[in-house]
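Trainee: Quick one: the structure is below, and I'll ask about it shortly.
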Amino acid sequence: RAHLDAIAALNPRLNAYITVTAEQALAQARASDERIARGEAGPLEGIPLAIKDLFCTKGVRTTAASRILGNFVPPYESTVSGNLLRDGAVFLGKANLDEFAMGSANLTSAFGAVENPWKRAGDPEAKLVPGGSSGGSAAAVAARLALGATATDTGGSIRQPAAFCGIAGIKPTYGRCSRWGIVAFASSLDQAGPVARTVEDCAILLRSMAGFDPKDSTSVDLPVPDFAAACERGVKGLRIGVPREYRLDGMPAEIERLWQQGLDWLREAGAEPVEISLPHTKYALPTYYIVAPAEASSNLARYDGVRFGLRVEQGGDLKDLYERTRAAGFGAEVRRRILIGTYVLSAGYYDAYYLKAQKVRALIRRDFEQAFAEVDAILTPATPSAAFAAGEASDDPVTMYLNDVFTVTANLAGLPGLAVPAGLDAKGLPLGLQVIGQPFDEETVFAVGRAIE
Ligand code: GLN
């Protein structure tokens, strides 16, 4: 009830939730109370969470923040949200996001922008963006409208909003969480993960979310470790890679200082920073912005007005139905991605763009493999800036894409990446650091993150 009251008070301003499921939440909470009374409490019994509106929830509208799914009520539960329910969690509602998770500022949602609860010192008027695409999840947790939230990360969408909102968030290794029942964006990059106030809370949530699922052919059949226990391992003797290519020209001095501060903390805790090279880093953003739209254009072909979601019928033939539905249903950024994706996949340009991007992706992955022969984890800034005001966002999509410069590499290589709140900038806004680990070694990532936060 406390969380529902907070949502009623603050959500009209923050717009972090698209749908609030108050009655269902109270019913789930009562069921939790009964299980606790019977001594049958699960690991997340009664914990109130927000669910990114990209996870299908049985009987609860799931929009992907798009008009095209504005009336879609799934008849099934995603594996990840089902795992949370199995462990006793209570769902407060569906969190806002960028349309189909495409964006870095939560400005593309068909249900309106999300406001970051943080304010710049001396500037109470400016509305800051929460980052994206999981901006609703991150804002809800930062504003205490949920104890934690599910999120997804295709190219930074867990880690960048977590950093902008001063909370923690982890994108686990590709294959750790099932993608079944999550609205697909770019299937070879998409991973689910939690955002929460602390690294340990993320560890607890991830343990429930993760696990093998035969319904996702890329889900990996490995035991799920006790991530919370790993948080307490310490970092003594660990070698921490510092990639020189992440020192960008023109990076704000305070981001540079924060990074150094993080390395100093780790050194004091017994770890050893080691300079490493990830030579193909400069190709990561262009590679991501070819691979992700290509896969998106294929995944979004299913929204045709026939099978589910919006249908715009005004006479004409089947092709008219497709065209009218898709023109009315998709926003500008989604259309841009579909156009880019179909272009790079087209017969004449496939070799020049998509195939080349796949080759560069392999080189980026190899960079990391070579680095991890020398180090146990890698530390980088999470974002190249603190949260910006919606009005300051450039109209140029490429400028927006630069937000993802430190995060897309982990998606391209399939590696776990954790954003940790690490300090404040001169205006009092949160800044985050990122810990990248080896495949399926989230435990080391959590240990390093815990030593920084
Ligand atoms: N900002 C990136 C994009 O717009 C990442 C999105 C994501 O991770 N879902 O594609």
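Trainee: Condition test on residue 131, is it in a loop (DSSP other than H, G, I, E, B), touching a residue at least 60 places away in the same chain (Cβ under 8 Å) and either among the aromatic types (Phe, Trp, Tyr) or within 24 Å of residue 288 (Cβ to Cβ) (or both)? Outline the logic, then answer.
Mentor: Numbers: in a loop (DSSP other than H, G, I, E, B): yes; touching a residue at least 60 places away in the same chain (Cβ under 8 Å): yes; either among the aromatic types (Phe, Trp, Tyr) or within 24 Å of residue 288 (Cβ to Cβ) (or both): yes.
Spelling it out, residue 131 is indeed in a loop (DSSP other than H, G, I, E, B), touching a residue at least 60 places away in the same chain (Cβ under 8 Å) and either among the aromatic types (Phe, Trp, Tyr) or within 24 Å of residue 288 (Cβ to Cβ) (or both).
Trainee: Given the structure, is residue 354 away from the ligand (no atom under 16 Å from the Cβ), out of contact with any strand residue (DSSP E or B) (no Cβ under 8 Å at 6 or more places or on another chain) and not in a helix (DSSP H, G or I)? So that I can check it myself, show each step before the final result.
Mentor: On the way: away from the ligand (no atom under 16 Å from the Cβ): yes; out of contact with any strand residue (DSSP E or B) (no Cβ under 8 Å at 6 or more places or on another chain): yes; not in a helix (DSSP H, G or I): no.
Judged against the criteria, residue 354 is not a match.
Trainee: Give region 249-276 a look and list any residue that's loosely packed, with under 13 Cβ neighbours inside 10 Å and without any contact (Cβ under 8 Å) to a residue 12 or more places away in the chain, or say none. Give the steps one after another, and end with the answer.
Mentor: Filtering region 249-276 down to residues loosely packed, with under 13 Cβ neighbours inside 10 Å leaves 249-250, 253, 260, 264, 268, 270, 275.
Scanning region 249-276 gives 249, 250, 253, 260, 264, 268.
Trainee: Restricting attention to region 123-131, does a residue exist that is at positive phi, buried (at least 24 other Cβ atoms within 10 Å of the Cβ) and within 16 Å of the ligand (Cβ to nearest atom)?
Mentor: Restricting attention to region 123-131, the residues satisfying the condition of being at positive phi are 131.
Those left that are additionally buried (at least 24 other Cβ atoms within 10 Å of the Cβ): 131.
After this cut, where a residue has to be within 16 Å of the ligand (Cβ to nearest atom) as well, the list is 131.
Within region 123-131 (the criterion being at positive phi, buried (at least 24 other Cβ atoms within 10 Å of the Cβ) and within 16 Å of the ligand (Cβ to nearest atom)), the answer is yes, since at least one residue qualifies.
Trainee: Quick one: in region 90-122, of everything that is more than 16 Å from residue 192 (Cα to Cα) and of a type in the set (Asp, Glu), which residue is nearest to the ligand (Cβ to nearest atom)?
Mentor: First, pick out the residues of region 90-122 that are more than 16 Å from residue 192 (Cα to Cα): 90-93, 99, 103-122.
When the remaining residues are screened for being of a type in the set (Asp, Glu), the result is 99, 115.
Details: 99: 10, 115: 18 Å.
Ranking the candidates gives 99 first.
Trainee: Which residues, taken from region 150-170, are part of a strand (DSSP E or B) and among the hydrophobic types (A, V, I, L, M, F, W, C)?
Mentor: If the condition is that a residue be part of a strand (DSSP E or B) and among the hydrophobic types (A, V, I, L, M, F, W, C), then 151, 168, 170 are the ones that fit.
Trainee: Can I ask one more? Condition first: within 16 Å of the ligand (Cβ to nearest atom) and at pLDDT 95 or above. Can you find one or more residues in region 39-51 that meet it?
Mentor: Keep residues of region 39-51 that are within 16 Å of the ligand (Cβ to nearest atom), which gives 51.
Checking the rest, the ones that are also at pLDDT 95 or above come to 51.
Within region 39-51, one or more residues are within 16 Å of the ligand (Cβ to nearest atom) and at pLDDT 95 or above.
Trainee: May I ask you to list the residues in region 187-204 that are outside any strand (DSSP E or B), under 13 Å from the mean Cα position of the chain (by Cα) and within 13 Å of the ligand (Cβ to nearest atom)?
Mentor: So the first thing to find is which residues in region 187-204 are outside any strand (DSSP E or B), and the list is 187-190, 197-204.
If we keep only those that are under 13 Å from the mean Cα position of the chain (by Cα) too, we end up with 189-190, 202.
189, 190 - these are the residues of region 187-204 that are outside any strand (DSSP E or B), under 13 Å from the mean Cα position of the chain (by Cα) and within 13 Å of the ligand (Cβ to nearest atom).
Trainee: Has region 7-27 got any residue that is assigned to a strand (DSSP E or B), modelled with pLDDT of 95 or more and touching a Phe, Trp or Tyr at 6+ places or on another chain (Cβ under 8 Å)?
Mentor: Within region 7-27, the first condition is being assigned to a strand (DSSP E or B), and the residues that meet it are 17-20.
With modelled with pLDDT of 95 or more added as a condition, the list becomes 17-20.
After this cut, where a residue has to be touching a Phe, Trp or Tyr at 6+ places or on another chain (Cβ under 8 Å) as well, the list is 18.
Scanning region 7-27 turns up at least one residue that is assigned to a strand (DSSP E or B), modelled with pLDDT of 95 or more and touching a Phe, Trp or Tyr at 6+ places or on another chain (Cβ under 8 Å).
Trainee: Something else: Does residue 164 satisfy being in contact (Cβ under 8 Å) with a residue 24 or more places away in the chain, more than 11 Å from the ligand (Cβ to nearest atom) and farther than 18 Å from residue 49 by Cβ? Walk me through it before giving the result.
Mentor: Details: in contact (Cβ under 8 Å) with a residue 24 or more places away in the chain: yes; more than 11 Å from the ligand (Cβ to nearest atom): yes; farther than 18 Å from residue 49 by Cβ: yes.
Yes; evaluated as a whole, the condition is true for this residue.
Trainee: Kindly indicate whether residue 36 is modelled with pLDDT of 95 or more, surrounded by fewer than 19 Cβ atoms within 10 Å (Cβ to Cβ) and either assigned to a helix (DSSP H, G or I) or not small (Gly, Ala, Ser) (or both). Spell out how you get there, then give the answer.
Mentor: Numbers: modelled with pLDDT of 95 or more: yes; surrounded by fewer than 19 Cβ atoms within 10 Å (Cβ to Cβ): yes; either assigned to a helix (DSSP H, G or I) or not small (Gly, Ala, Ser) (or both): yes.
Here the answer is yes, as residue 36 does meet what is asked.
Trainee: So which residues in region 39-63 are in a loop (DSSP other than H, G, I, E, B) and within 24 Å of residue 202 (Cβ to Cβ)? Give the derivation first.
Mentor: Restricting attention to region 39-63, the residues satisfying the condition of being in a loop (DSSP other than H, G, I, E, B) are 39-47, 53-54, 56, 58-59, 61-63.
Once the filter is applied, which keeps residues that are in a loop (DSSP other than H, G, I, E, B) and within 24 Å of residue 202 (Cβ to Cβ), region 39-63 yields 41, 42, 43, 44, 45, 46, 47, 53, 54, 56, 62.
Trainee: Sticking with this one: Residues that are without any contact (Cβ under 8 Å) to a residue 40 or more places away in the chain, more than 16 Å from the ligand (Cβ to nearest atom) and of a type outside the set (A, V, I, L, M): does region 228-235 have at least one?
Mentor: no
Trainee: While we're on this one: For region 56-73, enumerate the residues that are at negative phi and buried (at least 16 other Cβ atoms within 10 Å of the Cβ). Full working, then the answer.
Mentor: Step one: of region 56-73, the residues at negative phi are 56-58, 60-63, 66-73.
56, 57, 60, 61, 62, 63, 66, 67, 68, 69, 70, 72 - these are the residues of region 56-73 that are at negative phi and buried (at least 16 other Cβ atoms within 10 Å of the Cβ).
Trainee: In this structure, is residue 390 out of contact with any helix residue (DSSP H, G or I) (no Cβ under 8 Å at 6 or more places or on another chain), surrounded by 14 or more Cβ atoms within 10 Å (Cβ to Cβ), farther than 17 Å from residue 275 by Cα and touching a residue at least 24 places away in the same chain (Cβ under 8 Å)?
Mentor: Details: out of contact with any helix residue (DSSP H, G or I) (no Cβ under 8 Å at 6 or more places or on another chain): yes; surrounded by 14 or more Cβ atoms within 10 Å (Cβ to Cβ): yes; farther than 17 Å from residue 275 by Cα: yes; touching a residue at least 24 places away in the same chain (Cβ under 8 Å): yes.
Here the answer is yes, as residue 390 does meet what is asked.
Trainee: Also: Scan 155, 181, 175, 148 and give me the residue that is of a type in the set (Gly, Ala, Ser) and within 15 Å of the ligand (Cβ to nearest atom).
Mentor: On the way: 181 fails: within 15 Å of the ligand (Cβ to nearest atom); 175 fails: within 15 Å of the ligand (Cβ to nearest atom); 148 fails: within 15 Å of the ligand (Cβ to nearest atom).
That would be 155, the only listed residue that is of a type in the set (Gly, Ala, Ser) and within 15 Å of the ligand (Cβ to nearest atom).
Trainee: Taking the stated definitions as given, is residue 378 crowded, with 22+ Cβ neighbours inside 10 Å and either of a type in the set (Asp, Glu) or more than 20 Å from the chain's Cα centre (by Cα) (or both)? Before you say what the answer is, go through the steps one by one.
Mentor: Numbers: crowded, with 22+ Cβ neighbours inside 10 Å: yes; either of a type in the set (Asp, Glu) or more than 20 Å from the chain's Cα centre (by Cα) (or both): no.
No.
Trainee: Considering every residue within region 376-397, establish whether at least one is over 30 Å from residue 166 (Cα atoms) and either modelled with pLDDT of 95 or more or within 16 Å of the ligand (Cβ to nearest atom) (or both). Spell out how you get there, then give the answer.
Mentor: The initial filter retains those residues of region 376-397 that are over 30 Å from residue 166 (Cα atoms), namely none.
Checked against the condition, which is being over 30 Å from residue 166 (Cα atoms) and either modelled with pLDDT of 95 or more or within 16 Å of the ligand (Cβ to nearest atom) (or both), region 376-397 yields no hits at all.
Trainee: So how many residues does region 64-103 have that are assigned to a loop (DSSP other than H, G, I, E, B) and either of a type in the set (Phe, Trp, Tyr) or more than 20 Å from residue 187 (Cβ to Cβ) (or both)? Let's see the steps before the verdict.
Mentor: Residues of region 64-103 assigned to a loop (DSSP other than H, G, I, E, B): 64-66, 70-78, 87-89, 96-98, 102-103.
From the residues that got through so far, the ones that are either of a type in the set (Phe, Trp, Tyr) or more than 20 Å from residue 187 (Cβ to Cβ) (or both) too are 70-73, 75-76, 87-89, 96.
Result for region 64-103: 10.
The values are calculated or read from the model by the stated rules, or taken from the named source; none is laboratory data. Values in this document were obtained by computation on a predicted structure and should not be read as measured data. Glycine also receives a Cβ, built like all others from the backbone with ideal geometry; neighbour counts cover every protein chain displayed.
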